[in-house]
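The values are calculated or read from the model by the stated rules, or taken from the named source; none is laboratory data. Predicted model only: the values in this text are computed from it and were never measured. Every residue, glycine among them, receives a Cβ derived from its backbone with ideal geometry; neighbour counts consider all protein chains shown.
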Amino acid sequence: MSQPVYPALVVEDDAFQAEIFAKAVEAAGFDPVETRHDGQEALAYLQQHSPMLVVLDLNLPGALGDDILAYIRGEPRLAETRVILATGNPHMADPLQAESDLVLLKPVSFSQLRDLALRLRRAIAVQRGEDCDAG
């Protein structure tokens, strides 16, 4: 029996922060993990793929994170996608809390994101009827 697949997308314009986020999500058992640094690139990716988790910065070039979140929540194919907002601006995040699964205020540590992503992955596994003890 093959391992369950838990694809994820990290959308963050700061390359260093994106790398930390991607490694944290991968450490939580998401694989493959894709990274996009621009809002338009993220939207193009989401039109073709269905990640189980999206870690989303709100202040992005190309398209803002709230537009990406609206796309995710409006696309039936992405109905089960979990979204973690990661932003340094609590005023931008406040109106989006109901549409997201978690809101993290930057700075976000590797271990903080890893642990929260692991909880979400386990919840996804339970929802899918899979073994959630792995990882």
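Structural remarks
- Qualifying residue in the range 114-126 (condition: modelled with pLDDT of 95 or more, outside any helix (DSSP H, G or I) and over 13 Å from the mean Cα position of the chain (by Cα)): no
- Selection of first residues in the range 72-84 that are of a type in the set (D, E, K, R) and of second residues that are surrounded by fewer than 17 Cβ atoms within 10 Å (Cβ to Cβ) and in a helix (DSSP H, G or I), restricted to Cβ pairs under 7 Å at least 6 apart or on distinct chains, gives the following pairs, ordered by first then second residue: Arg73/Glu99.
- Filtering Ala125, Ala93, Ala98 for residues that are free of Cβ contacts under 8 Å to residues at least 24 places away in the same chain and among the hydrophobic types (A, V, I, L, M, F, W, C) leaves a single hit, Ala98.
- Which numbered condition Gly29 misses (of (1) in contact with an Asp or Glu (Cβ under 7 Å, 6 or more places away or on another chain); (2) at positive phi): (1)
- Any hit, the range 18-29, residues being among the β-branched types (Val, Ile, Thr), within 24 Å of Asp131 (Cβ to Cβ) and in contact (Cβ under 8 Å) with a residue 40 or more places away in the chain: yes
- Within the range 35-63, the set of residues being surrounded by fewer than 16 Cβ atoms within 10 Å (Cβ to Cβ), free of Cβ contacts under 8 Å to residues at least 40 places away in the same chain and either assigned to a loop (DSSP other than H, G, I, E, B) or within 11 Å of the chain's Cα centre (by Cα) (or both) comprises just one member, Asp38.
- Search result, residues across the range 64-88 that are assigned to a loop (DSSP other than H, G, I, E, B) and surrounded by 13 or more Cβ atoms within 10 Å (Cβ to Cβ): Leu64, Glu75, Thr81, Gly88
- Positions within the range 89-115 being small (Gly, Ala, Ser) and surrounded by 13 or more Cβ atoms within 10 Å (Cβ to Cβ), in sequence order: Ala93, Ser100
- Condition broken by Gln3, with the remaining ones in (1) assigned to a loop (DSSP other than H, G, I, E, B); (2) surrounded by 13 or more Cβ atoms within 10 Å (Cβ to Cβ) satisfied: (2)
- Qualifying residue in the range 89-111 (condition: within 15 Å of Pro7 (Cβ to Cβ) and at pLDDT 95 or above): no
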